[in-house]
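These notes are about the structure you will find just below.
The values are calculated or read from the model by the stated rules, or taken from the named source; none is laboratory data. Computed from a predicted structure; not experimentally measured. In this analysis, Cβ positions are derived from the backbone assuming ideal geometry, glycine residues included, and neighbour counts consider all displayed protein chains. The protein model used for the area step is the full one, side chains on, heavy atoms only, and it has no ligands, DNA or RNA in it. Shrake-Rupley method; radii C 1.70, N 1.55, O 1.52, S 1.80 Å.
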Amino acid sequence: MTTTHPVEIELKLALPPQQATAFLKRMARRRSAPVQQELVTRYFDTPDFALSAQGVALRVRRVGRRWLQTLKTEGERQGGLSRRVEFEMPVTRGTPDWSRFPPEALAYVPEALRAQLVPVFETHFSRTAWLLKGKRGAQIEVALDVGEVRAGEHSQPICEIELELKSGQPDALFALALEWAGAFDCLPFDISKAERGVRLAHGAANEPVKSMPLALDGGMSVEDGFAAIAQGCLTQFQANFPGVLSSSDIEYVHQARVALRRLRAALRLFRRVCALPDELLDGLRALAAALGPARDWDVLCTETLPEIAPHYPDADAWQRGMQALERHRTEVRAAMREALTQARPGAWLLAMQRWLLLRGWRAVPEEQRFVQLSPLDEWVRRALKKGHRPIVRGARKFADLQPLQRHALRIAIKRQRYAVEFFQTLFSGRRQARCLAVLRDAQDSLGRANDAHVAWGLLTAGHTTPHVLQNVVDRSPLGHTTPHVLQNVVDRSPLGQVDAGPMREFALGWLAAKEAGAGNGESAGHLQAFLKLKPYW
């Protein structure tokens with residue numbers, strides 16, 4: 001007989017601290033009376049954090065004069081929505097009482113570990129909670145938590161909204177969260193208080209997140225494979241986005257942009273099977289357009305120009321020119337953040353997650369629905385074969401290609417590389433690894449030539465931001481207009497405001513020489529290596 005464990009279904013939103021008062025005012029309009037509590041929670045683990053390494057959190061919380069102990073598992077987390085096994089019951093003091101846990105809970109903590117458990121960190125926060133009726137009669141407990149996580153001398157603020165489903169369907173959580181994301185700039189948030197406490201206790205700093213391998217298998221349906229790929233891209237974007245808004249580390253912008261590019265590649269790959277609604281596609285384009293200029297200027301100032309600098313005879317003049325360019329780069333980054341905020345990224349992320357949850361692509365003709373349900377592995381073979389052909393054509397006549405044709409070839413290589421990465425767990429062997437390595441080398445090589453082309457444009461164009469911002473969609477997701485903000489990015493970047501001095505002309509000459517030689521050398525060599533590959537699928 002299968003044992004059913006109690007499962008907590010919860011959607012978590014990060015709330016900007018300056019919006020907490022506005023949120024409380026909004027909630028005061030509802031008929032539900034709030035319940036206010038001061039909560040102190042102790043988290044227990046072994047000194048080497050063996051429990052957290054297994055995805056288990058054990059806590060004892062003081063609620064007024066009562067104590068509650070809770071054991072939670074890591075469960076599933078995506079887009080702020082989590083499904084976790086949870087065991088909770090009262091205890092008489094502020095330490096775990098193993099006699100109160102049922103056998104199925106004890107199975108998560110080996111007896112050998114129980115004697116080693118000690119308090120490792122605490123949370124102290126004020127909770128204001130409401131019980132609301134949601135979509136289709138759902139019962140939802142909404143809690144606003146404001147306080148901090150404490151580990152030794154270190155602390156980290158807490159300001160978040162938790163929506164716990166008491167009864168009904170998870171879609172009801174998204175319906176409510178979407179309303180608040182647009183009004184209060186909330187972002188879906190996957191990191192639990194327990195995970196933040198562990199990181200704080202370890203002294204681990206937040207870092208940019210790269211894409212992770214996907215666990216796909218050939219027995220999956222095409223639509224399940226698509227959902228897993230789209231979820232992976234959204235997870236990467238969501239993990240990097242807070243750093244885009246608040247950190248000076250340029251890798252956050254890079255990885256957030258990579259995540260959106262991978263998502264666009266996946267949507268194109270599956271476009272005839274699982275089509276994204278226009279409103280969500282417009283939101284994706286708006287976010288990608290806002291990130292582009294900042295990334296271009298980061299590459300110019302931290303990669304392209306530093307490579308040229310040692311060859312310029314006047315180091316002081318070069319430094320003065322770089323200072324002018326860096327000032328302009330700072331302005332572009334500030335404009336990017338303003339544009340991103342206006343684009344309502346939290347609402348877009350929640351709308352995307354809701355679309356995935358509801359499998360929003362299923363309202364299609366019977367023939368298309370049949371493809372969605374067909375085995376993934378056969379569909380993938382056809383898709384990889386189709387993506388392979390244009391690269392072969394371009395590689396064979398690479399030396400004769402014009403700049404726009406080389407750009408198109410680079411894009412085709414990038415899309416095929418992403419496809420190979422998406423599906424790499426479906427295949428194995430040296431030929432697959434070799435194909436992926438050659439695609440990466442070819443993309444990187446052509447990418448360097450493209451960086452030179454973009455750098456030339458930034459240093460010579462009448463406006464230093466890419467033209468893509470002028471073509472951005474008229475509306476962001478969920479009806480929030482953004483064109484005036486994005487136009488500000490263009491208007492605030494005229495070249496006349498950037499006086500880089502004589503180093504600019506030297507850099508342009510260097511870039512021109514680099515572009516002129518782009519058809520020779522490493523790019524041609526990587527493409528010849530590609531032509532020698534044998535399909536592994």
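Answer yes if at least one residue in the range 374-396 is more than 20 Å from VAL273 (Cα to Cα), in contact with a Cys (Cβ under 9 Å, 6 or more places away or on another chain) and small (Gly, Ala, Ser), and no otherwise.
no
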Exercise. Considering only the range 89-145, state which residues are free of Cβ contacts under 8 Å to residues at least 24 places away in the same chain, more than 19 Å from ILE9 (Cα to Cα) and outside any loop (DSSP other than H, G, I, E, B).
Key: TRP98, SER99, PRO103, LEU106, GLU111, ALA112, ARG114
Quiz item: Restricting attention to the range 201-227, and to residues there that are surrounded by fewer than 18 Cβ atoms within 10 Å (Cβ to Cβ) and part of a helix (DSSP H, G or I), which single residue is modelled with the lowest pLDDT?
Solution: HIS202
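For PRO119, indicate whether it is modelled with pLDDT of 95 or more and of a type outside the set (Phe, Trp, Tyr).
Numbers: modelled with pLDDT of 95 or more: yes; of a type outside the set (Phe, Trp, Tyr): yes.
For PRO119, the condition - modelled with pLDDT of 95 or more and of a type outside the set (Phe, Trp, Tyr) - is met.
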Quiz item: Within the range 317-417, which helices (runs of 4 or more DSSP H) (wholly inside it) include 2 or more residues that are touching a residue at least 40 places away in the same chain (Cβ under 8 Å), open to solvent by 60 Å² or more (accessible area, probe 1.4 Å) and over 30 Å from GLN19 (Cα atoms)?
Solution: 376-396
Quiz prompt | Residues that are touching a strand residue (DSSP E or B) at 6+ places or on another chain (Cβ under 7 Å), under 27 Å from ASP171 (Cβ atoms) and either open to solvent by 40 Å² or more (accessible area, probe 1.4 Å) or of a type in the set (Asp, Glu) (or both), drawn from the range 118-149 | solution = LEU131, LYS133, GLN139, GLU141, ASP145
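Limited to the range 244-259, what total is found for residues that are more than 17 Å from TRP297 (Cα to Cα) and open to solvent by less than 10 Å² (accessible area, probe 1.4 Å)? Outline the logic, then answer.
Filtering the range 244-259 for residues more than 17 Å from TRP297 (Cα to Cα) gives 246, 259.
Next, from what is left, pick out any that are open to solvent by less than 10 Å² (accessible area, probe 1.4 Å): 259.
So the answer is 1.
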Quiz item: How many of the residues in the range 418-437 are within 17 Å of LEU376 (Cα to Cα) and either in contact (Cβ under 8 Å) with a residue 60 or more places away in the chain or of a type in the set (Gly, Ala, Ser) (or both)?
Solution: 10
Exercise. Please state which one of ASP282, ASP298 is among the charged types (D, E, K, R), modelled with pLDDT of 95 or more and open to solvent by less than 20 Å² (accessible area, probe 1.4 Å).
Key: ASP298
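I'd like to verify a number: residues in the range 158-177 that are assigned to a helix (DSSP H, G or I) and open to solvent by less than 30 Å² (accessible area, probe 1.4 Å), how many? Break it down stepwise before answering.
Of the range 158-177, the ones assigned to a helix (DSSP H, G or I) are 171-177.
From what is left, the residues that are open to solvent by less than 30 Å² (accessible area, probe 1.4 Å) are 171-174, 176-177.
Here the count works out to 6.
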Self-check item: From the options VAL35, VAL60, VAL56, residue that is in contact (Cβ under 8 Å) with a residue 12 or more places away in the chain and open to solvent by 50 Å² or more (accessible area, probe 1.4 Å)
Solution: VAL35
Quiz item: So which residues in the range 1-52 are closer than 27 Å to ALA175 by Cα, over 27 Å from the mean Cα position of the chain (by Cα) and assigned to a loop (DSSP other than H, G, I, E, B)?
Solution: HIS5, PRO6, ARG29, ARG30, ARG31, SER32, ALA33, PRO34
Quiz item: When only residues in the range 63-84 that are over 17 Å from GLU162 (Cβ atoms) and either assigned to a loop (DSSP other than H, G, I, E, B) or touching a residue at least 60 places away in the same chain (Cβ under 8 Å) (or both) count, which is least open to solvent (accessible area, probe 1.4 Å)?
Solution: GLY64
